Amino acid sequence: MVGCVVVRDGEVVGEGFHRLAGTPHAEPVALAQAGGAAHGATVYVTLEPCSHFGRTPPCAPAVAAARPARVVVATLDPNPAVSGRGIAMLRDAGIAVDVGLLGEASRRLNEAYFHFRSRHRPLVTLKWAATLDGKIATRTGDSRWISGEQSRALVHRLRARSGAVIVGVGTALADDPLLTARYRGAPRQPLRVVLDSGLRLPATSALAASAGQAPLLVCCGPMASDANARRLAECGVEVLRLPAAARGGLDLNALMAAMAARQVDSLLVEGGGATHAAFMAAGLADRALVFVAPKIVGGADAPTAFEGTGCALMREAAAGSVRLVRRIGDDVLLDVAFTPREAEAATPL
């Protein structure tokens, strides 16, 4: 997510932002709007102008050709194909370049991208809605709806900003979700992923039935039925076999490698307690977004966001740092970063 503003004599003469992968980057959009006024102007950009050919031509040469007097860059691009090269191109063209203004804000804006470049795997965010007593459903499994309309609307926007949305097959069978971003102007649909060791997802599910409208990947174990795989493939579902984990289920590190190979830089995990616990146990949970609703369900049999035996001592609990607390209608949103990640300031939501 990159923005660019061109300023001349205290007036904004051009501005633009990167709308979607494969579309023009922020700099050429802003420069086209500025036209000849870009000559001698100051160009502000939230990320170093790229210097290589990707889906679009490089931006640094285009900025240099516009002949601004100065370029202010919030932060370097961590992509090794770019890092420092774009700035060097501008300076070689005789343009003054300053780096660092609002750098931390830029890194927060592109948290998933910076994480992907440094860790070589997607940023994993666990997301759930819970009552005041920590329940994610009643004892009968009913969970519609824990959170309010405003919270649910925000979840759709979170999906659109995520590379992939993941659920376990238990959640898929119980809730029959679509997992799409449903709001006017949604820029794209995320890759929808179901963790389904035994390929139990029916072809009649909402997920499989909508595979033609939004991509669906079902990850199964090595011994899953070939017939079931063919049945899903006939619906347009992609089936990916992953190694089994030592303690059962799927190898989540193998999943991370598969997502990284697809250039998926962020995962929104909307699973139930088993899926959340698996990501936490594998050390792959980077962040949690928890919508707490002012409701009490009660009951020892009502499920919570994490299953399993849990820890025996409080000092063994997974520790997190609260980055943001925000009221959304009657709900409260908690944005938590888990150690060993530093408690950075929260990404604007």
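Here, each number is a calculation from the coordinates, and none is a lab measurement. Just so it is clear, the structure is predicted and the values come from calculations on it, not from any experiment. Note: ideal-geometry Cβ built from the backbone for every residue, glycine included; neighbour counts use all protein chains shown.
Summary table
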item	result
Charge dipole (debye, nearest 20) of the chain; +1 at Cβ of Lys and Arg, -1 at Cβ of Asp and Glu	280
Selection from 102, 153, 186, by position along the positive dipole direction of the chain (Cβ)	186
Between 0 and 90°, nearest 10: helix 252-261 axis offset from the chain longest Cα axis	30
Stretchable slack from residue 321 to residue 226, in nm (0.36 nm times residue separation minus alpha-carbon distance)	29.8 nm
Inter-site label distance for residue 15 and residue 262 at 7 Å from Cα along Cβ, in nm	3.5
Efficiency of FRET from Cβ geometry, residue 105 and residue 240, R₀ 45 Å, rounded to 0.05	0.80
Whole-number percent relative contact order across the chain, with pairs defined as alpha carbons under 8 Å at least 6 apart	16
Peptide ranges 136-145, 201-210, 278-287 listed from the most packed, as the mean C-beta count within 10 angstrom indicates	278-287, 201-210, 136-145
Cβ-derived FRET efficiency at R0 22 Å, residue 204 paired with residue 144, nearest 0.05	0.65
